[in-house]
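Below is one structure, written out as structure tokens; the observations come after it.
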Amino acid sequence: MSEQFLPFSKPCIDQATIDEVVECLRSGWLATGPRVKRFESDLAKYFKKEVSNTLVLTSATAGLQLALQSLNFQPGDEVITTSITFAASANTIVQAGAKPVFVDVELETRNIDIRKVEKAITAKTKAILPVHFAGVPVDLDAVYALAKKYNLRVIEDAAHAVGSFYKDKIIGSFGDTQVFSFHPNKVMTSGEGGAVTTSDANMAKFISVMRFHGIDREAWNRNAKEGSQHYDVIAAGYKYNMMDIQAALGIHQLAHLEEFIAKRTKLALRYNELFAGWEELMLPQNPDYSSRNSWYIYAPLINIEKAKITRDEFMQKMKEQNIGTGLHYEAVHLYSFYQKTYGYKRGDFSNAEIISDRIVSLPLFPDMTFADQDRVVTAMRKIFKG
Ligand SMILES: *Cc1c(COP(=O)(O)O)cnc(C)c1O
């Protein structure tokens, strides 16, 4: 096996980005400072959002947690979400004091099935947390119509959807609240990091205070005679502030985002062409409304009946050919915490479980070449066709 290992994901970092990080290190200002401010203002411009309503943090998980916590749940309150997501979507609902209520997904888009959401709404439901899975936007008109009808908040888990469009609007530019991830295997990265965009000024204020120890300099300055080194602590806050070193990365990644998405799209559509007619695979489908997919992952289902091989065996056989694959995701309702705490069990959500048992993420990243991609397809042909 002479060929190099091909990972399923790899960040694309150019020299200008490296130079900016080095400059940041030389500047002596490493923690939250001017580069974070610049990153927030660049993001606000990209998302067509007010800067005060665009907040960066240490991760999307921190953003989800604070956005949910700002809703001030009471015991017994419920938040509707999907089981086909990263555990953080549900974990943060629990951390904020609410019960995660899972709803099944559509087999084609893997997104939450809106028709089933309405049936799950109870007097205790306070919010919906849809996930734009793989970068495919959820049907937001339908989500917001339900939210309006039942007076619910909407926190969109947009960890995969940096640069995705719903109809002709970029995710983050409209609606209630969106949370983005800049983890290294996401569409763009700041090392670790995340951002929240919200139309709720109170939520933005809550997050800006809680992400840094509950410190409110503005409140203090308003009351103080002169600006000073003093500050007030108005809540027991967290340490979720982004560093300038991270923002240095993020600023340059954002500048390349359109190019990253164009490259991902080209590769994803080429996978679709190369796999056309393969009965061992069920390819990801577009929704029936217009959209732009960020193509965070290219994740077909292994048709295990036709392929006569399990998904886990498939991943192992790819590894033996020096090719990495990813698993996004096993259904969250099947994890032991969710089974034990809320009584979820196998059999609850049939589409989620079909996906959970069959989905696999194939290599896809901006610097991947067509030759890399051909290697993946050749390896798969060997596995399926002997
Ligand atoms: C990656 C991810 C998160 C968490 O993002 P971090 O920045 O790693 O905290 C949340 N939700 C989904 C759907 C994700 O894929």
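Structure data summary
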read-out	value
Within-10-Å neighbourhood charge of residue 184 [Cβ basis; K, R +1; D, E -1]	+1
29 Å Cα-Cα threshold exceeded, pairs from 169/266; 124/345; 10/126; 49/119	10/126; 49/119
Neighbourhood charge, 11 Å Cβ-Cβ cut-off, centred on residue 73 and excluding it, Lys, Arg +1 and Asp, Glu -1	+2
Computed [θ] at 222 nm, helices only, for the chain once each DSSP H run of length n ≥ 4 contributes -39500 (n - 2.57)	-12000 deg cm²/dmol
Cα lying deepest toward the dipole's positive end in the chain, options 349, 247, 378, charges on Cβ	349
Label-point separation in nm, residue 290 to residue 269, each point 7 Å along Cα→Cβ	1.6
Phi to ³J(HN,Hα) by Karplus 6.51 cos²θ - 1.76 cosθ + 1.60 over the stretch 323-331, Hz, x for Gly, Pro	10, x, 9, x, 10, 10, 9, 7, 4
FRET efficiency, 1/(1 + (r/R0)^6) with R0 25 Å, evaluated for residue 48 and residue 239 via beta carbons	0.25
Rounded tilt (10° steps) of 257-274 against the dominant C-alpha axis of the chain	20
About the Cα centre, charge dipole magnitude for the stretch 258-385 (Lys/Arg +1, Asp/Glu -1 at Cβ), debye	220
Residues of type lysines that residue 306 reaches as a straight line, Cα spacing below 18 Å, ignoring anything fewer than 8 places off in the same chain	317, 382, 385
Inter-centroid distance (Cα atoms) of the stretch 34-89 relative to the stretch 301-357, Å	28
Distance between modelled label sites at residue 118 and residue 205, nm, 7 Å Cα→Cβ extension	3.6
FRET efficiency, residue 108 to residue 26 (Cβ-Cβ, R0 45 Å, nearest 0.05)	0.35
Modelled FRET efficiency - R0 41 Å, residue 320 with residue 15, Cβ distances, 0.05 increments	0.70
Cut-off 12 Å between beta-carbons: net charge of the residues surrounding residue 106, Lys and Arg +1, Asp and Glu -1	-2
Trypsin sites (Lys or Arg not before Pro) within the stretch 293-356: DSSP coil, no more than 16 neighbouring Cβ in 10 Å	308, 345, 346
Angle in degrees between helix 140-150 and the longest Cα principal axis of the chain, rounded to the nearest 10	50
Cα long-axis angle, helix 34-46 against the chain (0 to 90 degrees, to the nearest 10)	60
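Just so you know, all these numbers are worked out from the coordinates, no wet-lab data involved. This structure is a prediction, so every number in the text was calculated from the model and none was measured. Methodologically, a virtual Cβ is constructed for each residue, glycine included, from the backbone with ideal geometry; neighbour enumeration extends over all protein chains shown.
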